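First comes the structure, then the notes that go with it.
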Amino acid sequence: IMISKLSRRSSARKSVVANCATSLILFGQIETTLSRAKTIQPYIEKILTCARAQTLSSRRVVAKRLNNDLAVAKVFNIIVHNMSQRKSGFTSIYSTRNRHGDGAPCVLIALNKELFNVKDDLYDKSSQVSQLKKPIKKSVK
């Protein structure tokens, strides 16, 4: 996969792209610079397109490109099942701000919400909080 240089050595560049892609799968969205987002977008699109086959070979390819077994499991157990309507365009990039230190343009890269139609506790943390804060019923005597 051809990726931009990002002002890094090739090994560091591959690590940055793989880590950003893993974070995007796990959290659904990440904030990063525009150049990183444009580098991550085709990388993640190719991962999700490969995962659509749902074979052992495709699972090994995805596991090789992502750094986390939980991210691989999430791709194959949740995301792939909701991809049937869409052939491409799994991610979107939204402009947010310029970074304070160096003025670099920051963007939000996010997976489309329709990929998470299934109840997913990794993506929707608010469901865990609401379950913990249920009112305790007082017994009436």
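The values are calculated or read from the model by the stated rules, or taken from the named source; none is laboratory data. Worth saying up front: this structure is predicted, and the values here are computed from it rather than measured. We place every Cβ from the backbone using ideal geometry, glycine too, and count neighbours over all the protein chains shown. With ligands, DNA and RNA removed, areas are computed over all heavy atoms of the protein, side chains included. Shrake-Rupley method; radii C 1.70, N 1.55, O 1.52, S 1.80 Å.
Using a probe radius of 1.4 angstrom, the carbon and sulfur fraction of the accessible surface of region 42-117 is 51%. Rg/Rh for region 1-68 (Cα atoms only, Rh after Kirkwood) is 0.96.
Which of the listed residues, Ala71, Ser92, Asn82, is farthest toward the dipole's positive end in region 57-105, when Lys, Arg count +1 and Asp, Glu count -1 at the beta-carbon? Farthest along the dipole direction, towards plus: Asn82.
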